[in-house]
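The values are calculated or read from the model by the stated rules, or taken from the named source; none is laboratory data. Worth saying up front: this structure is predicted, and the values here are computed from it rather than measured. Cβ placement follows ideal geometry from the backbone for every residue including glycine, while neighbour counts extend to all protein chains displayed.
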């Protein structure tokens, strides 16, 4: 069914709701407990770097940073710049890189422009090779930053924190790890990222599958052959099933089709696939840029995302053409709110019709094309951008399996959908990570124990409570890098938010060190005032989001569970520029207002 070019609100609503209802099935959001279910714990094992045995370490340092991804790397850089050298990075990965350490699946690349996503390009005098960098280049760049600032020194890799508790008498954090380490730190920085918890769905019988299986964030090149950026040489006689058609899945399909005898793509919900338009960086790009060009370019992108007027769209891609327009439709003077919302819905429909038309143009089989068309509002599900994914379905060795209600079960032979058995050699779970709104205490993946034995999970049981989304009363000398659902702001380009958070962490610890390293505690008044700002700007969009197809953006079909305390500084995605100005002014003033020092 095609809705055609004309916009009939009633017909659109009926179609969208019918598609939503196909997917509102019990258990759709159930995931495996990889911390405790030994049957599936192997999915978290590191296939890239061998574990090196070592003796437990006992050490006293100034700072422990949990997480070696972009957030942790930038925090480490800012500590070095502040003259704080006694710190350790702790990460379960075998090296620096965070999500780019783990995500080495074939075809992996960033869908935010690399000139604003890769941090510290000016400092390292580096220009990415492509408009949208491939994963291997991003990982190499992050590791180059680590080398420049000696972040590997003292880092504990393949190490998970099992408990962190504040020792009030000593004025230090006592941190224990799964390798028997006991660390004492004056400051503890939670730089755990926003998509760090691997997600494996619950499907009946998946442990019975007799073939090979793995998660895309632990790509098994020992089985597939090849490596990042290199053809997979061992799949020529293999039939592969791929679960997941989000940002990861769409990148895997082409390389898998190049290598395997046959690829079956199991799709619950199609993504809106916009044009990426990737291309090599033009010779001479950046040669005429002045100091501060990367921050200016980041600001240009963020301003457009927030509906602000700019002299020129420097990024000029699907994010600025579609996402920004739907997120913040331009206002018309004198227009009523009813007319504004109606016009916004029509704009959304026209953009989604563009995506549906693109599917019809690129996919030769009309029946397959129809299944690939996204029938929902643009912001119901994270938009994707890719130039080859849709074309892959024209290949004779790629089959799309439509399963909006999910997989019936998995037998030793493979998945069963609608009663049909698919006999496969390998299953790839490209099912991503727990959502950005996963609470901080869960993303930290260990008890964080503050004053009086109260854990962060207990403290935030009714929602977040903080100062600036980065410090929490009852948890002295603790910093959390800002993130969604944490009383900060949201940026499509996460790197920009990490840059700010690292600047605040490094600068604050530097000022505290200059004062003789007093213990800081968020005052009750400051935390209450900040939380009130967050709650007062919360917009309840549950009525609109409840009409969406289930996705991680609407809590898998339950937007009514969104908590105003977990909102942003400012409406919608938040007031990024106001938030940054506030934090930079707070730091520059040097008074550390809102903190009690002792």
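None of 62, 46 is outside any helix (DSSP H, G or I), in contact with a strand residue (DSSP E or B) (Cβ under 9 Å, 6 or more places away or on another chain) and crowded, with 16+ Cβ neighbours inside 10 Å except 62. Taking the stretch 218-234 as the range and being buried (at least 23 other Cβ atoms within 10 Å of the Cβ) and either farther than 18 Å from residue 432 by Cα or not assigned by TED's automatic domain parsing to the domain that holds residue 395 (or both) as the test, only 224 passes. Exactly one residue out of 560, 584, 596, 525 is over 28 Å from residue 305 (Cα atoms), out of contact with any strand residue (DSSP E or B) (no Cβ under 8 Å at 6 or more places or on another chain) and surrounded by fewer than 17 Cβ atoms within 10 Å (Cβ to Cβ), and it is 525. Exactly one residue among 413, 382, 395 is more than 21 Å from residue 109 (Cβ to Cβ) and touching a residue at least 12 places away in the same chain (Cβ under 8 Å), and that residue is 413.
Which residues, counting only those in the stretch 20-43, are surrounded by 12 or more Cβ atoms within 10 Å (Cβ to Cβ), in contact with a helix residue (DSSP H, G or I) (Cβ under 7 Å, 6 or more places away or on another chain) and part of a loop (DSSP other than H, G, I, E, B)? Listed by number, the list holds a single entry, 34. The sole residue among 164, 210 that is surrounded by 15 or more Cβ atoms within 10 Å (Cβ to Cβ) and over 24 Å from the mean Cα position of the chain (by Cα) is 164. In the stretch 426-436, the residue that is surrounded by the fewest Cβ atoms within 10 Å (Cβ to Cβ) out of those that are touching a helix residue (DSSP H, G or I) at 6+ places or on another chain (Cβ under 7 Å) and assigned to a loop (DSSP other than H, G, I, E, B) is 435.
I'd like to check something: does the stretch 169-192 contain any residue that is touching a helix residue (DSSP H, G or I) at 6+ places or on another chain (Cβ under 8 Å) and surrounded by fewer than 23 Cβ atoms within 10 Å (Cβ to Cβ)? No, that holds for no residue. Scanning the stretch 304-318 for residues that are in contact (Cβ under 8 Å) with a residue 40 or more places away in the chain, in a helix (DSSP H, G or I) and touching a helix residue (DSSP H, G or I) at 6+ places or on another chain (Cβ under 7 Å) gives a single hit, 305.
Across the stretch 546-570, the qualifying residues are those that are within 20 Å of the chain's Cα centre (by Cα) and part of a helix (DSSP H, G or I), and the one among them that is farthest from residue 384 (Cα to Cα) is 566.
Provide a single number: the residues in the stretch 246-269 that are assigned to a loop (DSSP other than H, G, I, E, B) and closer than 21 Å to residue 317 by Cβ. Residues meeting the conditions: 3. Would you pick out the residues in the stretch 202-215 that are in a strand (DSSP E or B) and touching a strand residue (DSSP E or B) at 6+ places or on another chain (Cβ under 6 Å)? Matches in the stretch 202-215: 212, 213, 215. Which of the residues that make up the stretch 326-336 are under 16 Å from residue 307 (Cβ atoms) and without any contact (Cβ under 8 Å) to a residue 40 or more places away in the chain? Within the stretch 326-336, 329, 330, 331, 332, 333, 335 qualify. In summary, residue 159 fulfils each of the numbered conditions (1) assigned to a loop (DSSP other than H, G, I, E, B); (2) under 26 Å from the mean Cα position of the chain (by Cα); (3) not assigned by TED's automatic domain parsing to the domain that holds residue 492 with the single exception of condition (3).
Pull up the stretch 406-425, narrow it to residues that are crowded, with 16+ Cβ neighbours inside 10 Å and in contact with a helix residue (DSSP H, G or I) (Cβ under 7 Å, 6 or more places away or on another chain), then point me to the one that is nearest to residue 373 (Cα to Cα).
410
Against the condition in contact with a strand residue (DSSP E or B) (Cβ under 7 Å, 6 or more places away or on another chain), part of a loop (DSSP other than H, G, I, E, B), more than 28 Å from residue 255 (Cα to Cα) and modelled with pLDDT of 95 or more, how does residue 76 come out, does it pass? When the stated conditions are applied, residue 76 does not pass them. Considering the stretch 81-98, and only residues there that are outside any loop (DSSP other than H, G, I, E, B) and touching a helix residue (DSSP H, G or I) at 6+ places or on another chain (Cβ under 8 Å), the residue that is nearest to residue 192 (Cα to Cα) turns out to be 89. Just to be sure, is residue 240 under 30 Å from residue 34 (Cβ atoms) and modelled with pLDDT of 95 or more? Yes; evaluated as a whole, the condition is true for this residue. Within the stretch 333-372, the set of residues being assigned to a loop (DSSP other than H, G, I, E, B) and surrounded by fewer than 17 Cβ atoms within 10 Å (Cβ to Cβ) comprises 333, 334, 335, 336, 364, 365.
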